[in-house]
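Enquirer: I am attaching a structure below and will ask some questions about it afterwards.
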Amino acid sequence: MGALSLPIIVVTISVALAVAYAMHRLLRVPKKTSALVGVGSAICGGSAIAAAPVIRAGDEDIARSISVIFLFNVVATLTFPTIGTVLGLSDQGFALFAGTAINDTSSVTAAASSWDDIHGTGTTVLDQATIVKLTRTLAIIPITLILAYIYTKSDPDRSGGKVSLRKMFPIFIAFFVLASIITTICTGMFGVPTYAFSPFKVLSKFLIIIAMTTIGLNTDVVKLIRSGGGPLAMGFACWISIALASLGMQYLLGMW
């Protein structure tokens, strides 16, 4: 399922980033906010947090982009099962739709679970949509490296006029890859049950909550609301374009 979804993933990510850039130029949304909204919409809401230190985004940029991204997450979770039913999507079609057009893993699983409940398909769509979303999440590695290169090159104070791999490489990417390899080896080669990693999942959620709380405590809500029109329009444009690109690619590839 992961390999099957790759063409759709590539197109939706490309479309989201292109739309974010176009909206940035059109609405003059701050550069760093635009990058976070674009990356977060294209790949995953959490990737916006991951990309933030790479581009040296401030708390307001992070709070603004995360708020926009998760707003449309909620809308997608509530509406996609109905939209998929109206369009006559197959179980596989909806798994591809949810996995490529909803940007947060928890929202993908919520929408897929709703589909399974409505259509009585057990956990078929949930399992497929989760695989698609996790495959899509891997795009955070090349995208973050590209952002690191661009922002390091354009920041003389940070790069000293030169672009070196040591300065631009985000260290968390190395840990991300290492954790993925360890999990794959442990579960695939040594048969370690997935529930053995549950404590790490709980810890990761706790740390994300701490990060979000810290960002919130440093955010001027009034200023965020006043400046939120542009990012909100950008998030909406990215959300709609990703959904249409996902459905369009399925139709063209005969996966509907």
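The values are calculated or read from the model by the stated rules, or taken from the named source; none is laboratory data. Being a predicted model, the structure only gives us computed values, none of them experimental. Positions of Cβ are generated from backbone atoms using ideal geometry, with glycine treated the same way; all protein chains shown enter the neighbour counts.
Enquirer: Across the stretch 118-132, which residue is surrounded by the most Cβ atoms within 10 Å (Cβ to Cβ) among those that are within 19 Å of the chain's Cα centre (by Cα) and among the aliphatic types (A, V, I, L, M)?
Expert: Going through the qualifying residues, I end up with ALA129.
Enquirer: Considering only the stretch 20-41, state which residues are surrounded by fewer than 24 Cβ atoms within 10 Å (Cβ to Cβ) and either among the hydrophobic types (A, V, I, L, M, F, W, C) or farther than 22 Å from VAL10 by Cα (or both).
Expert: Residues satisfying the conditions are ALA22, MET23, ARG25, LEU26, LEU27, ARG28, PRO30, LYS31, LYS32.
Enquirer: Out of (1) more than 15 Å from GLY229 (Cα to Cα); (2) surrounded by fewer than 20 Cβ atoms within 10 Å (Cβ to Cβ), what's the single condition that is false for GLU60?
Expert: Result: GLU60 fails condition (1) only.
Enquirer: Now, a different point. Considering only residues that are under 23 Å from the mean Cα position of the chain (by Cα) and aromatic (Phe, Trp, Tyr), look in the stretch 173-198 and name the one that is surrounded by the fewest Cβ atoms within 10 Å (Cβ to Cβ).
Expert: Once the filter is applied, the top-ranked residue is PHE175.
Residue-by-condition table, conditions (1) surrounded by 17 or more Cβ atoms within 10 Å (Cβ to Cβ); (2) among the polar types (S, T, N, Q); (3) in contact with a Gly (Cβ under 9 Å, 6 or more places away or on another chain); (4) part of a helix (DSSP H, G or I):
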{"site": "ASN73", "(1), (2), (3), (4)": "yes, yes, yes, yes"}
{"site": "THR79", "(1), (2), (3), (4)": "no, yes, no, yes"}
{"site": "PHE94", "(1), (2), (3), (4)": "yes, no, yes, yes"}
{"site": "THR109", "(1), (2), (3), (4)": "yes, yes, no, yes"}
{"site": "SER114", "(1), (2), (3), (4)": "yes, yes, no, yes"}
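Enquirer: While we're here: Suppose we filter the stretch 133-147 for residues that are more than 12 Å from the chain's Cα centre (by Cα) and among the charged types (D, E, K, R); how many remain?
Expert: Final tally of qualifying residues: 0.
Enquirer: Just need a number here: residues in the stretch 37-71 that are at pLDDT 85 or above, part of a helix (DSSP H, G or I) and under 10 Å from the mean Cα position of the chain (by Cα).
Expert: Selection size over the stretch 37-71: 7.
Enquirer: Also, quick follow-up: Among the helices (runs of 4 or more DSSP H) lying completely within the stretch 169-256, list those that include at least 3 residues that are within 21 Å of VAL74 (Cα to Cα) and either of a type outside the set (Ser, Thr, Tyr) or modelled with pLDDT under 90 (or both).
Expert: In the stretch 169-256, 198-217, 221-226, 229-253 are the helices (runs of 4 or more DSSP H) which contain 3 or more residues that are within 21 Å of VAL74 (Cα to Cα) and either of a type outside the set (Ser, Thr, Tyr) or modelled with pLDDT under 90 (or both).
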